[in-house]
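The values are calculated or read from the model by the stated rules, or taken from the named source; none is laboratory data. From a predicted model like this one, the values you see are computed outputs, not experimental measurements. A quick note on method: Cβ atoms are made from the backbone with ideal geometry, for glycine too, and the neighbour counts reach across all protein chains shown. Areas reflect the complete protein model, heavy atoms only, side chains present, ligands, DNA and RNA absent. Shrake-Rupley method; radii C 1.70, N 1.55, O 1.52, S 1.80 Å.
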Amino acid sequence: MRDTVGILVALTFLLRVKGEAPRGGYCIEKQCFAVFQDQVDFGTAQKHCEDNNGHNGHLMTVRSLISHSILLILLGIHTGNYWIGLQLPSGQCPDQALGLRGYRWITGDTETEFQNWGHFDDVCSSNCISVSKYDFEWKEQPCNSKIDGFICEYKLDSPCQHVMVKGDESVLYDNPLGFKGDNLLVLPLGTIATLKSLGSKYICHSEQWIQAPWNCDVFNGGCSHDCTSVNHEPVCTCPPGKTLQDNNVTCEFALNDPCHDSGCAHLCQKKDDSYACMCHHGYALAEDGKECKDIDYCKGYELENDTCVDVDECFMGPCEHECTNTIGSYICSCFDGFISMTEDANRCKLLCLAEECPTECDRSKTYQCYCPIGYLLDDRNGSSVCVDIDECEMDSYCHSNCTNTYGGYLCSCDEGFDLVGEYDCVERESSEGSGFTTPYTPSAKHPTERPFTVKAGGLLGMIVCIVVVILVMVVLIHLILKRRGNLDIAFESQGVGNHDLQQVSTDKYHKLSFDRHFII
């Protein structure tokens, strides 16, 4: 629970004031007011209030006698003129008959129960309002003037009331808006309260006070020295020679400190007359209880109580056949008759050390069986076996000499030659060695891998089909040529052959056409 609260409170990092800190402040109900001594114009002052790290602020609106009284408190010890959030809209002239005389609050409205005008010039110009502690009257100033300071107003979400203490105990409040005090009655989210006598610390979160140590990522958990997480709980720690006080956040010098010679790599926490070693955030305690390991080193482990505990990876079934768990890892092994695959050590493939071996069949597909690389699937009397392929008979592997092996083959060279690569032989330049031989087993890219899915009967059928197709094509070609010869003889018998061409007149063409029709 405390860790969850700490994560939420981490948002208060955005609430801490950066840059110029306020000279004073006051909080009441769900509002806080802060006075800044920074010589800027009206627009810059408003922007500062708006950009105060997510506090939803604006220049102060003095709408009531209560807010006017707060103004008296804020400027009680400060001299000069200070901007408040009242301005004349651009392009308008002041009019005493209107509410706020034509001026508007920086929030865009004119709602008010209080007015305190001073000298009024009734001039049509870009004017804004300032106040001072001498008379607290509203005075017109050119908006581009740089005066002594400004006053911001902030709305509070889920503020806390003051810490309840016993007797004369006093509390110092460190407000995230940038001002401190011991008489603040309403405190914004992220305020840190410190009990002066005990040194105990509390942080405001969602209208509640959470005692330190809280989440280590938020203001160091409230610890005066170092903060670490133990069993997901924040713990304050002290350097060697000091021990943690009863308030659990501050350190004091210790006598006979057991942590002095503890040998802890990072941190040591005193426990009565003994001690316990701890590690910084991002590290885990090693098996010896003293050294610290980077959490990244816990690969293959689970982090329990800031300690690396071995995980049984075999539970997830990463291996195809058998799995043996080891410290921080696991080992895969194969059943008898199988060997680990080179490309994936978690999987297994058939191992055949004979001319014939049984097939490996898919249990869900009865007729789908496989053979090792370098073997051919063959049907014999209704059963399938794997038969070794004799690559040496194909004359396309070794350049010189070839020796068949189970599932592969050996290339070798004659005397005076050396094997280059997997197949070729080159004449040896030196006289060292002779007839070098290199074993070779076909890989996935080699043609001998693919035949293992083709049966011997199927291969014979393919050859017969090819022969039939060739014979059919020969017959077709013979018939086409014979038909063409007959057509040539027919044309010659009808006198269709070579003819001389002559010019024909129109009358002669008509006569020729008539004679031809008559003949037909």
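Do we find that Cys152 is in contact with a strand residue (DSSP E or B) (Cβ under 7 Å, 6 or more places away or on another chain), farther than 29 Å from Lys180 by Cα, in a strand (DSSP E or B) and not basic (Lys, Arg) in this structure? No.
Within segment 346-365, the set of residues being surrounded by 13 or more Cβ atoms within 10 Å (Cβ to Cβ), free of Cβ contacts under 8 Å to residues at least 40 places away in the same chain and either within 33 Å of the chain's Cα centre (by Cα) or not in a strand (DSSP E or B) (or both) comprises Asn346, Arg347, Leu351, Thr359. Annotation for segment 166-182: no member residue is within 24 Å of Gly282 (Cβ to Cβ), open to solvent by less than 10 Å² (accessible area, probe 1.4 Å) and not in a loop (DSSP other than H, G, I, E, B). Going residue by residue through segment 246-260, is there one that turns out to be touching a Phe, Trp or Tyr at 6+ places or on another chain (Cβ under 9 Å), in a loop (DSSP other than H, G, I, E, B) and closer than 30 Å to Leu172 by Cα? There is no residue in segment 246-260 that is touching a Phe, Trp or Tyr at 6+ places or on another chain (Cβ under 9 Å), in a loop (DSSP other than H, G, I, E, B) and closer than 30 Å to Leu172 by Cα. All of Thr324, Thr342 fail the test of being within 34 Å of the chain's Cα centre (by Cα) and closer than 30 Å to Val426 by Cβ, apart from Thr342. Does at least one position in segment 192-211 carry a residue that is open to solvent by 20 Å² or more (accessible area, probe 1.4 Å), touching a Cys at 6+ places or on another chain (Cβ under 7 Å) and on the phi > 0 side of the Ramachandran plot? Taking every residue of segment 192-211 in turn, at least one turns out to be open to solvent by 20 Å² or more (accessible area, probe 1.4 Å), touching a Cys at 6+ places or on another chain (Cβ under 7 Å) and on the phi > 0 side of the Ramachandran plot.
Condition check ((1) touching a residue at least 40 places away in the same chain (Cβ under 8 Å); (2) not hydrophobic (A, V, I, L, M, F, W, C)) across all residues:
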site	(1), (2)
Gly149	yes, yes
His162	no, yes
Phe179	yes, no
Cys216	yes, no
Cys227	no, no
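Of the residues making up segment 251-275, those that are closer than 25 Å to Leu198 by Cα, at pLDDT 75 or above and hydrophobic (A, V, I, L, M, F, W, C) are Cys251, Phe253, Cys259, Leu267, Cys268.
Of all residues in segment 170-192, which are aliphatic (A, V, I, L, M) and within 22 Å of Glu153 (Cα to Cα)?
If we filter segment 170-192 for residues that are aliphatic (A, V, I, L, M), which is where we start, we get 171-172, 177, 184-187, 189, 192.
Within segment 170-192, Leu177, Leu184, Leu185, Val186, Leu187, Leu189, Ile192 qualify.
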